[in-house]
Amino acid sequence: MMKDNSYAAIMARKNEIIRNSVGMDYESFEKPGIGFDYEAMMAATGYTLPELQRVQALFSVGNTPLIELRNLTTLARKCAPAGKGARIFIKDEATNPSGSFKARRSCTSVYQAKKLGYKGVVTATSGNYGAAVACHAAMAGLKCIVVQECYDSRGVGQPEIIEKARKCEALGAEVVQLTVGPELFSTVLRLLEETGYFNASLYTPFGIAGVETLGYEIAQQFRAKFDRDPDVVVCTNAGGGNLTGTARGLRKADCHAKVIGASVNLTGLHMASDAQFNKKSFTTGHTGFGVPFCVNPDRSDVPRSAARPLRYMDRYVTVSQGSVFFITETLASLEGLEKGPAGNTALAAAFRLAQEMDEDQCIVVQETEYTGAGKHINPQLSFARQNGIDIHFGDPKDEIPGKNIVLPAHPSLIRVDDVDLDRVRRSNIKNAVGTHKDELTDDDIRYLVEETNSNEEFVRSVIAGL
C-alpha cells in the first residue's frame, strides 16, 4: 500500500522520519515542562573534541591558517580616533576542501552516516553546506542529495545560489531545486523516507559539534603566535550554527574572548516572499535568518536545533549590503585575498568594531569562504540592477533593503548597528513559554536563563509581563 505523501501526511510523520534518519531519539532529551537537556543532546554524538579533530583530519578539514590583515588594520586606524584600531585577523576557512567552514559540519555528519551504515545523505541548503556535504559524501563513497530553495515563481534564481548548485553537481550530488515556499521541509522528509538516507541537517548535534574545532583552533593558534587570547571573535550569524559551534570551541579552550554575531541588515524583506526573494543580494548571513533563529531556534528541520546562538552571543550587530560589497573589494585590493560574501559580513563588522577598540587589542573574523563565478560581487550587483535595485556610492545609513545598495563613499562610513539583545531575549522567552506561563517550574526558569544567556531576575520579569 502506497503511503500518503500529501504535505499534511508527511508532516504528521516527521518525528518518526527524523528519528530514523539521524539515529537519535530527540524525545529522550525532553524534560517535563518547556525545556530539554541541551548538553545531554550534544554529548549524545559520542565524539570528544580530539575525536572530532581526528575525523576531520581524515577529510583534510581543519588546521586552517590564521592571517593578520595588516593593511586593513592600517586603514581602520586611519578612520579611528587616536589610539584606537585593533589588529584584525581572519581564520581562512576557504582553504578547506569544499571552500568554507561548513566542511567542519559536513564531514562529521558524513562520517556518522558512514559509521551507522547509511547508503547516502540528504541535506537542505542553498549554500556552501551543500557543496561541503557533496564533497565529503564523495570521499566517503556515499550517495548525496542536496535540496535547494532556488527560484522565484518565474524560475529566476540568484547567481550565488545557481553557482552553488553547479558546485554540488560537480562534486557528484543530485540537486533538487525548488521555488521559494513551504515545500522545502516536506520534500526533504519525503526524500529521507523514500531513500532511507542519513539526514545531514545543518542543525543536528553532529554538525554543530564539528564547528567546535574551529573555535578551539582559533584559541590555540592565537596563543601559539602571541601567547595570549584574542579580545573579540566576530561570527557571521544566520541559522546560528556558526556562532554556536565556534563559541563552544572557544569555551572548551578556556578562551574568554567576547563573541559578537554579525548579520547583513535585510530588515523589511521577508525570506519566504516570492516577490522579495530576488530583492536581496545575500543568501545567508542576514537578519532574515539571524533574528528568527535567535528568537526561535527550533524552527529548523529537527525537533531540537543544536544551533542556539542566543546562549553564546555577547553582542549582535548588523551591517549594510553595500558595506559588505565594499569590504570584499577592499580585502582583495589591500590584502590580495578574494573571498566570498558570507565571511565578509563579519569582516565588515570587524573593520568598524576594531575602531572602537584599543590598538593593542585583537579582533578575529572566524571564517572566510571561497568565491566563484556566481558568488563574486560583480554578478551579484548586476543581478541586483536587473531586479530594479539602485546602486550608488554614498552613506550606508541611507540604504533601504530591496530598494537600493549604497556603497560607502569612504571607508570611514562603514558602521554597525546594534541589535537589541534584550528584545530578542524577550521574544525567545515568549515563544518558549507559549501558553504555559502559569505552569512554569524552577527548572523551566533555569532553562530559560541558559537559553537566553541572561539571569533569573530578567526571565521572571519578562514572564510577569506576558
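Condition test on I445, is it open to solvent by less than 30 Å² (accessible area, probe 1.4 Å) and more than 26 Å from the chain's Cα centre (by Cα)?
Values: open to solvent by less than 30 Å² (accessible area, probe 1.4 Å): yes; more than 26 Å from the chain's Cα centre (by Cα): yes.
Against the criterion (open to solvent by less than 30 Å² (accessible area, probe 1.4 Å) and more than 26 Å from the chain's Cα centre (by Cα)), I445 qualifies.
Say we look at region 102-124 and pick out the residues that are in a loop (DSSP other than H, G, I, E, B) and touching a strand residue (DSSP E or B) at 6+ places or on another chain (Cβ under 8 Å); which of these is most open to solvent (accessible area, probe 1.4 Å)?
In the first step, residues of region 102-124 are kept if they are in a loop (DSSP other than H, G, I, E, B); the result is 117-119.
Subset that is touching a strand residue (DSSP E or B) at 6+ places or on another chain (Cβ under 8 Å): 118-119.
Values: Y118: 35, K119: 149 Å².
So, considering only residues that are in a loop (DSSP other than H, G, I, E, B) and touching a strand residue (DSSP E or B) at 6+ places or on another chain (Cβ under 8 Å), the one most open to solvent (accessible area, probe 1.4 Å) is K119.
State yes or no: is L466 farther than 17 Å from S320 by Cα and open to solvent by 20 Å² or more (accessible area, probe 1.4 Å)? So that I can check it myself, show each step before the final result.
Working: farther than 17 Å from S320 by Cα: yes; open to solvent by 20 Å² or more (accessible area, probe 1.4 Å): yes.
Taking the combined requirement at face value, the residue satisfies it.
Please work out if T267 is part of a loop (DSSP other than H, G, I, E, B) and of a type in the set (V, I, T). Show your work before the answer.
Details: part of a loop (DSSP other than H, G, I, E, B): yes; of a type in the set (V, I, T): yes.
In short, yes.
In region 165-181, is there at least one residue being over 28 Å from M42 (Cβ atoms), of a type in the set (D, E), under 22 Å from the mean Cα position of the chain (by Cα) and open to solvent by 20 Å² or more (accessible area, probe 1.4 Å)?
No, region 165-181 contains no residue that is over 28 Å from M42 (Cβ atoms), of a type in the set (D, E), under 22 Å from the mean Cα position of the chain (by Cα) and open to solvent by 20 Å² or more (accessible area, probe 1.4 Å).
Tell me, which strands (runs of 3 or more DSSP E) wholly within region 331-419 include 1 or more residues that are closer than 29 Å to P230 by Cβ and modelled with pLDDT of 95 or more? Explain how you work it out, then say what you get.
Working: elements: 362-365, 390-394, 404-408.
Result: 362-365, 404-408.
Given the options T318, T330, name the one that is out of contact with any strand residue (DSSP E or B) (no Cβ under 9 Å at 6 or more places or on another chain) and β-branched (V, I, T).
On the way: T318 fails: out of contact with any strand residue (DSSP E or B) (no Cβ under 9 Å at 6 or more places or on another chain).
Within the list T318, T330, the selection yields T330.
Suppose the filter is in contact with a helix residue (DSSP H, G or I) (Cβ under 9 Å, 6 or more places away or on another chain), over 26 Å from P182 (Cβ atoms) and open to solvent by 20 Å² or more (accessible area, probe 1.4 Å); does P50 pass it? Quick ask: steps written out before the conclusion?
Numbers: in contact with a helix residue (DSSP H, G or I) (Cβ under 9 Å, 6 or more places away or on another chain): no; over 26 Å from P182 (Cβ atoms): yes; open to solvent by 20 Å² or more (accessible area, probe 1.4 Å): yes.
In short, no.
Matching residues to (1) surrounded by 20 or more Cβ atoms within 10 Å (Cβ to Cβ); (2) among the polar types (S, T, N, Q):
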| residue | (1), (2) |
| --- | --- |
| D358 | no, no |
| T371 | yes, yes |
| H376 | no, no |
| L381 | no, no |
| G388 | no, no |
| P396 | yes, no |
| L413 | yes, no |
| D420 | no, no |
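Can you tell me which residue in region 237-264 is most open to solvent (accessible area, probe 1.4 Å), limited to those that are more than 24 Å from S323 (Cα to Cα) and part of a loop (DSSP other than H, G, I, E, B)?
Per the criteria, the residue is H256.
Does any residue in region 271-288 that is under 14 Å from S320 (Cβ atoms) and open to solvent by less than 10 Å² (accessible area, probe 1.4 Å) come within less than 7 Å, Cβ to Cβ, of a residue that is part of a loop (DSSP other than H, G, I, E, B) and among the charged types (D, E, K, R) six or more places away or on a different chain, and which pairs are these?
Within 7 Å, the pairs are H286/K280.
Need at least 2 residues that are at pLDDT 95 or above and more than 30 Å from K430 (Cα to Cα) per element, so show me which helices (runs of 4 or more DSSP H) inside region 1-60 make the cut, counting only ones lying wholly within it.
Working: elements: 7-12, 14-22, 38-43, 49-58.
Correct list: 49-58.
The values are calculated or read from the model by the stated rules, or taken from the named source; none is laboratory data. Because the structure is a prediction, the values reported are computed rather than measured. Backbone-built Cβ (ideal geometry, glycine too); neighbour counts: all protein chains shown. The protein model used for the area step is the full one, side chains on, heavy atoms only, and it has no ligands, DNA or RNA in it. Shrake-Rupley method; radii C 1.70, N 1.55, O 1.52, S 1.80 Å.
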